[in-house]
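Below: the structure, in structure tokens.
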Amino acid sequence: MRCRRSLSVPLLVAMVGLSLVDCGCAAPEPAANWPVAKLKDGMQKRWLFVWQDMTNPAQVDRLVARFPQAKAAGYNGVAFSHNVAPTRAAALREAAAANGLDLVAIVMGGSRDRNYMEGVLVKDALFVVHNGAASLEQDNPTEVVNADFENANGNHFVGWGFQDDEGVTTFADHEVAHGGKTSLRMESVGKNQYRHCRIAQPLKLQPYRQYRISFWLKTQDLSPADPEVKLLALDAQTSISFQTFHSERTQDWKHYDLVCNSLDHTTGQLYLGSWYGKDGKMWWDDLTLQEIGLVNVLRRPGCPVTVCGEDATAFEEGRDFARVVDPQLHPWRAYHEEPVIKLTADSRLKDGQRLRVSYYHSLVVYEDRITSCLSEPKIFDDWRQEVVEANDALHPAAFLMSHDELRVMNQCAACQGMNMTPGELLAWNVHKAAQLIRDVRPDAEIWVWNDMFDPRHNAVDHYYAVNGSLKGSWKGLDPGIGIVNWHGGLQGKNCPFFADLGLKQILSGYYDSDEDGSGIAGWLDKTKGVPGIVGAMYTTWEDKYGAMDKWAQKAWGGAAAK
């Protein structure tokens, strides 16, 4: 068997052997019975949102204990994760019924199998065989000049082409360092009129390779604690890296690892610093950027691994080398020890042989956000099982699908094999997902978050690591799917769009900051006359319920709601 020196995405798709027919991509006809469409305008849906681990019986009990207060404030529904501790499901149902609360099960939040996260391609990475195993070697190393910050002329760091406010907010510190004798100190960022304090240099990159950015950081009285490391395109308009990290206001030297994929970029600009800082100090030291291999490699049908010699000979998994896996696969942890390719006893591979390896790996956005693949058939099998289990345990009045903030999409061979734009892919996926619910519970309401279907929100071009445009994703929604609209910042400017599609909407407010309810009151005032506004949901991600009574008063009149 022979393979081309440079594997293309279409070739990898062909190797997977997926087609539109194989994936079950023919869109099913939606059921004619659409409970959401029957709702009249007004605050009929008065929901309380809970984002806690419902597999923990103690959290279920905390939720139940809040029901009497919710009833007294006029709430008539509660939304929570579907995976309720089995020993507490019956008590939850009974307590909700006793307090006049509909149950809303949140489903389809991702795959249960870590291998089914969306995969990003690494193409033709160089591996070399030594002592019965092949490991990555950098064939085009990326060099960060003066990465240890030892070479400084005054407060100017040699090799860094861009540096904000030398001697004002950026300094060469010869007294505090992690390694060597010098570190980069940033302080009093607020002295910059834009609150910027950055240092940057251009880099050469190898396209479609996996990179690790490693550094040490120390902080003192940093306000806000917002240091960042970014790898951007040279025009600074396009992100190449998407992972962020957490720092304390004051901390001693702490080591960080960030992982990204160069995608189709041959150059980039490495930045570190603060974009919105004010007070305090931070020190940077001992930075490295290097290519890595097979960290969080994904193994599923839509994420093939190929191993070829530099003469284009294709080697076989099971015959020439053992199955390639990452024994520490943990998509939410970006970096750990790199796995190797282990040779079989009768392998055709020889010591010193150079190989070209292509594979797919997961990608972290922000600190820990991961997106599942939208195309693999197993995803839908898992989702159906999830809906069945939730229905059997809870018999909820409604299901809320978790199609929101999907930041990595249309990258793996399975998704590429669909021959759709990301918008088309998402439209197909949400349509199919809704039909799964209808098959199990034709009478249940179906809701979904607005953002991924909203041209004023995330249904746009150039959304994080989405490969292509998300425009048109809203075409997968039918009038039987309600919208949970969480973009309170727009104060209703996006509501007419969904109203024109014939979709009902619940305004998802509070969001851990509307303590007196003025935000939801303003939102409701500015959407008067927009058809299809049928409710509001008190939404806290930080487990903050101190304002739920005041908020309910502004949203629907509190206990006076009927």
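Of all residues in region 524-561, exactly one satisfies the criterion of being under 18 Å from residue 67 (Cβ atoms), among the β-branched types (Val, Ile, Thr) and in a loop (DSSP other than H, G, I, E, B), namely 540. Which of the residues belonging to region 376-398 are in contact with an Asp or Glu (Cβ under 9 Å, 6 or more places away or on another chain) and not aliphatic (A, V, I, L, M)? Across region 376-398, the qualifying residues are 377, 378, 382, 384, 396. Right, residue 391: among the polar types (S, T, N, Q), in a helix (DSSP H, G or I) and more than 25 Å from residue 241 (Cβ to Cβ) or not? Yes, satisfied. Counting only residues that are over 20 Å from the mean Cα position of the chain (by Cα) and over 22 Å from residue 337 (Cα atoms), region 206-226 holds 9 of them. Residues of region 229-249 that are over 27 Å from residue 461 (Cα atoms), loosely packed, with under 15 Cβ neighbours inside 10 Å and without any contact (Cβ under 8 Å) to a residue 60 or more places away in the chain: 248, 249. Looking only at residues in region 467-501 that are of a type in the set (Gly, Ala, Ser) and more than 16 Å from residue 530 (Cβ to Cβ), the one that is farthest from the chain's Cα centre (by Cα) is 480. When region 33-77 is filtered for residues that are within 21 Å of residue 447 (Cα to Cα), in a helix (DSSP H, G or I) and among the basic types (Lys, Arg), only 38 remains. Only one of the listed residues (83, 99, 76, 131) is under 30 Å from residue 370 (Cβ atoms) and either outside the structural domain of residue 536 (by TED's automatic domain parsing) or crowded, with 16+ Cβ neighbours inside 10 Å (or both). That residue is 83.
When region 154-211 is limited to residues that are assigned to a loop (DSSP other than H, G, I, E, B) and acidic (Asp, Glu), the one that is surrounded by the fewest Cβ atoms within 10 Å (Cβ to Cβ) turns out to be 175.
The number of residues in region 464-485 that are surrounded by 21 or more Cβ atoms within 10 Å (Cβ to Cβ) and of a type in the set (Phe, Trp, Tyr) comes to 1. Screening residue 398 against (1) within 30 Å of residue 64 (Cβ to Cβ); (2) within 15 Å of the chain's Cα centre (by Cα); (3) among the aliphatic types (A, V, I, L, M) leaves a single unmet condition, (2).
Filter region 508-538 for residues that are surrounded by 20 or more Cβ atoms within 10 Å (Cβ to Cβ) and either at pLDDT below 95 or within 26 Å of the chain's Cα centre (by Cα) (or both) and give the result. Once the filter is applied, which keeps residues that are surrounded by 20 or more Cβ atoms within 10 Å (Cβ to Cβ) and either at pLDDT below 95 or within 26 Å of the chain's Cα centre (by Cα) (or both), region 508-538 yields 508, 509, 510, 514, 536, 537, 538. Got a sec? Which of 139, 165, 226, 124 is touching a residue at least 12 places away in the same chain (Cβ under 8 Å) and closer than 23 Å to residue 252 by Cβ? Only one candidate passes the filter, namely 226. What about residue 161, is it in the same structural domain as residue 254 (by TED's automatic domain parsing), touching a Pro at 6+ places or on another chain (Cβ under 9 Å) and farther than 30 Å from residue 305 by Cβ? Considered against the rule, which asks whether it is in the same structural domain as residue 254 (by TED's automatic domain parsing), touching a Pro at 6+ places or on another chain (Cβ under 9 Å) and farther than 30 Å from residue 305 by Cβ, residue 161 comes out as yes. Of all residues in region 143-192, those satisfying the criterion of being modelled with pLDDT of 95 or more, aliphatic (A, V, I, L, M) and either over 18 Å from residue 275 (Cα atoms) or within 32 Å of the chain's Cα centre (by Cα) (or both) are 144, 145, 147, 152, 158, 172, 176, 177, 184, 186.
If you filter region 264-318 down to residues that are at positive phi and not in a loop (DSSP other than H, G, I, E, B), you find that the one that is surrounded by the fewest Cβ atoms within 10 Å (Cβ to Cβ) is 286. It is to be established whether one or more residues within region 87-104 are assigned to a strand (DSSP E or B), in contact with a helix residue (DSSP H, G or I) (Cβ under 8 Å, 6 or more places away or on another chain), small (Gly, Ala, Ser) and modelled with pLDDT of 95 or more. Within region 87-104 (the criterion being assigned to a strand (DSSP E or B), in contact with a helix residue (DSSP H, G or I) (Cβ under 8 Å, 6 or more places away or on another chain), small (Gly, Ala, Ser) and modelled with pLDDT of 95 or more), the answer is no, since none of the residues qualifies. Summed over region 404-424, residues that are under 23 Å from residue 508 (Cα atoms) and surrounded by fewer than 22 Cβ atoms within 10 Å (Cβ to Cβ) total 3.
Yes or no: residue 352 of a type in the set (Gly, Ala, Ser), touching a strand residue (DSSP E or B) at 6+ places or on another chain (Cβ under 8 Å) and outside the structural domain of residue 447 (by TED's automatic domain parsing)? When the stated conditions are applied, residue 352 passes them.
Taking the options 433, 427, name whichever one is in a helix (DSSP H, G or I), small (Gly, Ala, Ser) and surrounded by fewer than 24 Cβ atoms within 10 Å (Cβ to Cβ).
427 is the lone residue from the list that is in a helix (DSSP H, G or I), small (Gly, Ala, Ser) and surrounded by fewer than 24 Cβ atoms within 10 Å (Cβ to Cβ).
Suppose we keep only residues that are of a type in the set (A, V, I, L, M) and modelled with pLDDT under 95 within region 543-562. Which one would you say is nearest to residue 491 (Cα to Cα)? Break it down into steps so the answer makes sense when it comes.
Our first condition is that a residue be of a type in the set (A, V, I, L, M); within region 543-562, this holds for 547-548, 552, 555, 559-561.
Next cut, modelled with pLDDT under 95 only: 559-561.
Details: 559: 25, 560: 25, 561: 23 Å.
For region 543-562, the residue satisfying everything is 561.
Regarding region 332-346, can at least one residue be identified that is aliphatic (A, V, I, L, M) and at pLDDT below 95? For region 332-346, residues aliphatic (A, V, I, L, M) and at pLDDT below 95: absent. Within the set 505, 435, the sole residue that is touching a residue at least 12 places away in the same chain (Cβ under 8 Å), more than 16 Å from residue 536 (Cβ to Cβ) and over 19 Å from the mean Cα position of the chain (by Cα) turns out to be 435.
The values are calculated or read from the model by the stated rules, or taken from the named source; none is laboratory data. This is a predicted model, so every value here is computed, not measured. Every residue, glycine among them, receives a Cβ derived from its backbone with ideal geometry; neighbour counts consider all protein chains shown.
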